[in-house]
Amino acid sequence: MELILSAAIGILSASGIWLLLRPRTFQVIIGLALLSYAVNLFIFSMGRLTVGQPPIMPKGGFVDPTRYADPLPQALVLTAIVISFATTALFLVVMMASRGMTGTDHVDGKDKD
Amino acid sequence: MIEQNLLLILVLLPFVGAVAAATLPVNAHSAAAWLSGLTMAGGLAILAGFYDPVSQGLVIRGTVQWVPAIGLNLSFRLDGFAWLFVTLVLSIGILVVLYARYYLSKTDPVPRFYSFLMAFTGAMLGILLSGNALMLVVFWELTSIFSFLLIGYWHGNPNARDGARTALVITAGGGVCLLAAMLLLGQIVGSYQLDRILNSGDIIRAHPLYLPVMVLFLIGAFTKSAQFPFHFWLPGAMAAPTPVSAFLHSATMVKAGVFLLIRFSPALGGTDTWFYVVTGTGMITLIMGAVIALFRHDLKGLLAYSTISHLGLITALAGIGGSAAILAAIFHIVNHAVFKASLFMAAGIIDHETGTRDMRRLSGLIRVMPITGALAIVAAGAMAGVPLLNGFISKEMFLAEAVGWHNGTWLDNALPWLATVASIFAVAYSARFIGSVFFGPLATDLPKKPHEPPHWMRRPVELLVLICLIVGILPGQTLGAVLNAALASVMGRGTEHYDIALWHGFNEPLMMSLLALAAGGLLYALTGRWVARGPEGPPFFHMIRGQKIYEWLMLRLSWKWPRMIHGFVGTEKLQLQLRIMVLLALAVGFAALWNSGFIGPIAKWNTPNLAFGLMWVVGASCAIAAAWQAKYHRFAALVLLGGAGTITCLTFAWFSAPDLAVTQLLVELVTTVLLLLGLRWLPRRRSEIAADRLLPARIRRIWDLVIASVAGAGLAAMAYAVMTRPLVPNIGDWFLRNAYYEGGGTNTVNVILVDFRAFDTFGEITVLAIVGLTVFALLRRFRPAPESIAAPAQQRGSTPKMLGNYLLIASMIMKYMFPVLIVVAADLFFRGHDLPGGGFSAGVTIATALLLQYLATNVRWIEARITVLPIRWMGFGLLIAGATGIGAWAFGYPFLTAHARYIDLPLIGKTPAATALIFDLGVFSLVVGATVLMLIAIAHQSLRAARMREAEEEAEKKKETA
């Protein structure tokens, strides 16, 4: 499982970074989205992989932390998901505005290649 | 205790006055003047109360605890020297306020003037009273800023703007050097307390950093006090209103520099280097200022260079050091302030009543303004050092030091000669001031018909001139005690007591004075006419202008060189910048992890699951295909992106993170719709771009592929290395144990978000709100590219009637989904504390519900029926979240402390009712607002484009019918 997930993180991030370096705004926006999946999974995986033990506690009684998934990376990633949506939206709007103002969708604002 | 409070009030009072003055209406001339005058009078009253303890050598201290945990306090101290100086500042301040009341015209925004003046006074008092070296620098820079505002008060005048900017750049730049010096001093001494620093002279002088500290310190002091070569800002500052000049260049701004020199001379002075640098600079400035002053045709220009010259004199005395020299320096600070303030005011009166300050045009004014003339003559006499006037006595003391004090160096031997030369020129320029303005035939071609000014405008001058006379005749009786107290506070206890007297017998200083008077008078008599015909400045030297050099340098420093460097190393290409960023991140990552035992022994291993593996075969294919198709097949790339997102979402669900899975699924939905909306505004790309096939593009793609592969492999290796190690017990365990007992919820992730780390969440939703508003603001000015305005190809040829039945069944289902989704959202929200869900996911669900309505029908239909006010939702959310946090204060807990309990609701049963739920309501409301705002704002662009199209069509129809 660890091997599959880390390979997945690698492929997601490689695709994302490759798109990040491309000349067209839409490519960059897709790249950022892919990269944010990779980073979210990466942060999430820092809490190790546990199957079938969500961090939902019993009401009262003794709690054995080793029996549950680490909740901290999950809390971090939850906000990260929402924030990455916000940045995608912001970037999309900047992309639209830049396209309207410069007449091209090249990231440099000049259509050259 | 009461003394301490009074001291703090003394510092605070001018700032309070400044704020109060700023709130007055623009035409409240008298009110602003009264306010300022009374504020300063209040300060003087406090000072009067401090006279007794201070004259006995006590130091009054006031401390406000600021950050006691790290020993950072606001401390103030008042000793004899500070008392004398503060009294001087406030007394002259009152006179300047009175004078300005009549000087400024009815059309000037006067409350602003008084507000700046008060704030400047406060900053000046801060310098004088600071008990901490760093606070002193803060106030020091504040005086630079407020003097900038004061000098540039008539901001319509380009000279005023230039003068203000030059003054700010020079003095604030010096302030930075001073800050560095104070930081070094603090390191050397081990404390920033002024008392400690001033008592550690031996440690400082023996320290290897003594020289750099001294140089930095002196740059600070010299820039403020307009010493050579930084003197040129002062004549430029003459574009200020005359009351400002009278205040800044007599008692305050420029005197701050010499104040600091004198204050720190026991700590930093006493070495040969100090003597050479300080006295040398002082003497150069003294002579240069005096010579240039003689050749200036502008009245205020003459006074400006005279000020520079007198500051040089004080600096030279500070360089000599020793009790007698310091006493002379302090005395001359007071005397110069008194006569120079009166001279500036007199020059202002002449300017005000005649309309010019050019001495070549002014002449014979004694006939039309005899009283002002008489006052100016007496004050100019004090400036020249005529006996029986105050300037004479302190100048005598300077000459006595020049003659009597010896350390055997060449500079010391030259001092008497240099001092005499400077005195001759001082007499000559004073004589020119009087002779050319008041004597000779009455000028006829003046812009205004000259007459005496209003009485109250002249009163400050009268009072100051009276002081010149009284101090000049009875120096010991009037100022003896105060000066000795000031001296003792600078030099330490046990300093011998000096008698200040008018008459010391026929000694060398008196001879030098008399010689200077005679020679100076002769010099003016012989060269007066020639000077008046000549250029503005001494022969030959007038071509070397500090201002010109400064401007040359500024142009290069602030414009040419930065642009050159930017052109050389910068790029406007985002693509290149991104590549550099990625490479830097890669380099840093490798540097940090190299040789760190990257792959350790594997301690944990979940057996691979075939289904999971197949899932990710799909996910990875989606990601790679999205990367491949994003350029020419945007829609396909978007669908593939959604595929990768869905697999990510399933992964979260697989590995015990139901909350993440829910949120990811919902956000995935919204993101896809968002990008779909954006697709409409991108240029069509059917055929391939030709350059893509060329070699450079190919090389770039391969090179980028290498970068991306390396980065991806690195990230994968890192993830693998961490995942296979055992989990060290961490803070997550604490959260798990305490989620129910402390947070009152069983869903630990949600409890962390809304309770344990609620402050973080508060920050996050604020970011979300800002992004939402930014999107909204950006789109308000959005101008689509011309070719995207026309109706898209898919819509062409279809009539509104056809579109009316478009996807009819699907849209019916979507319409009926609305209440269902609201119930789902409510469920997600309320169970969030105990089960997967919460404010984030509930908020996105509601946003999706609204979005579906937009998709199901059309914008106009939906907006006629539902009014969503996203900005109110956002504001409401932020307010609720903030109010929940503040509510904790009411019960004496820190910000955002949550309270949890369960309540029994009829029919529903036990329901968690933590205050965190209210906080979550804020999160929910904000997420709804921000998401809907972004989506609607983007969706509306189509509507706007459609409206523009309709408007154009109608306009064309009208044209046709017409």
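The values are calculated or read from the model by the stated rules, or taken from the named source; none is laboratory data. Fair warning: this is a prediction, and the values are worked out from it, not measured in the lab. Cβ: placed from backbone, ideal geometry, glycine included. Neighbour counts: every protein chain shown.
A few points about this structure:
- Among residues of region B:524-553, those that are outside any loop (DSSP other than H, G, I, E, B) and either loosely packed, with under 14 Cβ neighbours inside 10 Å or not assigned by TED's automatic domain parsing to the domain that holds residue B:362 (or both), counted: 17
- When every residue of region B:691-702 is checked against the conditions, none turns out to be at pLDDT 90 or above and crowded, with 18+ Cβ neighbours inside 10 Å.
- Selection over region A:96-113 of residues that are closer than 16 Å to residue A:29 by Cβ, touching a residue at least 12 places away in the same chain (Cβ under 8 Å) and either at the interface with chain B (Cβ under 7 Å from one of its Cβ atoms) or surrounded by fewer than 17 Cβ atoms within 10 Å (Cβ to Cβ) (or both) gives a count of 4.
- Condition met for residue B:236 (surrounded by fewer than 24 Cβ atoms within 10 Å (Cβ to Cβ) and modelled with pLDDT under 90): yes
- Residues located in region B:772-785, provided they are more than 8 Å from chain A (Cβ to nearest Cβ) and either over 10 Å from residue B:938 (Cα atoms) or at pLDDT below 85 (or both): B:773, B:777, B:780
- Residue ID - farthest from residue A:74 (Cα to Cα), chosen from residues in region B:824-847 that are within 12 Å of another protein chain (Cβ to nearest Cβ) and surrounded by fewer than 24 Cβ atoms within 10 Å (Cβ to Cβ): B:831
- Selection status of residue A:9, among the aliphatic types (A, V, I, L, M) and touching a residue at least 60 places away in the same chain (Cβ under 8 Å): no
- Residue tally, condition surrounded by fewer than 21 Cβ atoms within 10 Å (Cβ to Cβ), more than 7 Å from chain B (Cβ to nearest Cβ) and over 12 Å from residue A:77 (Cβ atoms), over region A:28-57: 1
- Residue pairs meeting the criteria (Cβ under 8 Å; at least 6 apart or on separate chains; first assigned to a helix (DSSP H, G or I), in region B:688-709; second of a type in the set (Lys, Arg)): B:691/A:112; B:704/A:22; B:704/B:579; B:707/B:579
- Single residue of region B:642-690 satisfying the filter (under 19 Å from residue B:938 (Cβ atoms), more than 7 Å from chain A (Cβ to nearest Cβ) and not charged (D, E, K, R)) that is surrounded by the most Cβ atoms within 10 Å (Cβ to Cβ): B:666
- Residues that are over 45 Å from the mean Cα position of the chain (by Cα) and within 9 Å of chain A (Cβ to nearest Cβ) occur in region B:746-762; there is at least one.
- Hits in region B:572-594 - residues which are more than 13 Å from chain A (Cβ to nearest Cβ) and outside any helix (DSSP H, G or I): B:594
- Members of region A:6-26 found to be crowded, with 24+ Cβ neighbours inside 10 Å and either among the acidic types (Asp, Glu) or more than 7 Å from every other protein chain (Cβ to nearest Cβ) (or both), listed by number: A:16
- Among the residues making up region B:502-515, those that are surrounded by 12 or more Cβ atoms within 10 Å (Cβ to Cβ) and either part of a loop (DSSP other than H, G, I, E, B) or in contact with a Gly (Cβ under 9 Å, 6 or more places away or on another chain) (or both) are B:502, B:504, B:507, B:508, B:509, B:513.
- Applying a threshold of 8 Å to beta carbon distances and a minimum spacing of six or more residues, or different chains, the list of pairs starting in region B:818-829 at a residue that is farther than 16 Å from residue B:853 by Cα and ending at one that is in a helix (DSSP H, G or I) and acidic (Asp, Glu) reads B:829/B:920.
- Scope region A:59-84; condition more than 7 Å from every other protein chain (Cβ to nearest Cβ), on the phi < 0 side of the Ramachandran plot and assigned to a loop (DSSP other than H, G, I, E, B); matching residues: A:62, A:64
Residue by residue, here is whether (1) in contact (Cβ under 8 Å) with a residue 40 or more places away in the chain; (2) of a type in the set (Ser, Thr, Tyr); (3) not assigned by TED's automatic domain parsing to the domain that holds residue B:335 holds:
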residue	(1), (2), (3)
B:95	yes, no, yes
B:103	yes, yes, yes
B:109	yes, no, yes
B:113	yes, no, yes
B:120	yes, no, yes
B:127	yes, no, yes
B:135	yes, no, yes
B:145	no, no, yes
B:149	no, no, yes
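- All of B:82, B:69 fail the test of being free of Cβ contacts under 8 Å to residues at least 24 places away in the same chain and part of a helix (DSSP H, G or I), apart from B:69.
- In the set (1) over 25 Å from residue B:745 (Cβ atoms); (2) touching a residue at least 24 places away in the same chain (Cβ under 8 Å), the condition left unmet by residue A:80 is number (1).
- Positions within region B:731-745 being surrounded by fewer than 16 Cβ atoms within 10 Å (Cβ to Cβ) and at the interface with another protein chain (Cβ under 7 Å from one of its Cβ atoms), in sequence order: B:731
- Residue within region B:428-449 that is surrounded by 21 or more Cβ atoms within 10 Å (Cβ to Cβ), of a type in the set (D, E, K, R) and touching a Gly at 6+ places or on another chain (Cβ under 8 Å) present: yes
- Only one of B:761, B:774, B:766 that is β-branched (Val, Ile, Thr), assigned by TED's automatic domain parsing to the domain that holds residue B:882 and within 30 Å of residue A:64 (Cβ to Cβ): B:761
- Which listed residue is more than 36 Å from the chain's Cα centre (by Cα) and farther than 17 Å from residue B:215 by Cα, from B:327, B:317, B:303: B:327
- Being closer than 30 Å to residue B:943 by Cβ, of a type outside the set (Ser, Thr, Tyr) and modelled with pLDDT under 85 is a property that does not hold for residue B:836.
- Put simply, of B:667, B:639, B:673, B:662 the only residue that is over 21 Å from residue A:82 (Cβ atoms), of a type in the set (Val, Ile, Thr) and out of contact with any His (no Cβ under 6 Å at 6 or more places or on another chain) is B:639.
- Every residue from region B:828-851 that is closer than 18 Å to residue B:758 by Cβ, assigned to a loop (DSSP other than H, G, I, E, B) and not charged (D, E, K, R): B:832, B:833, B:837, B:838
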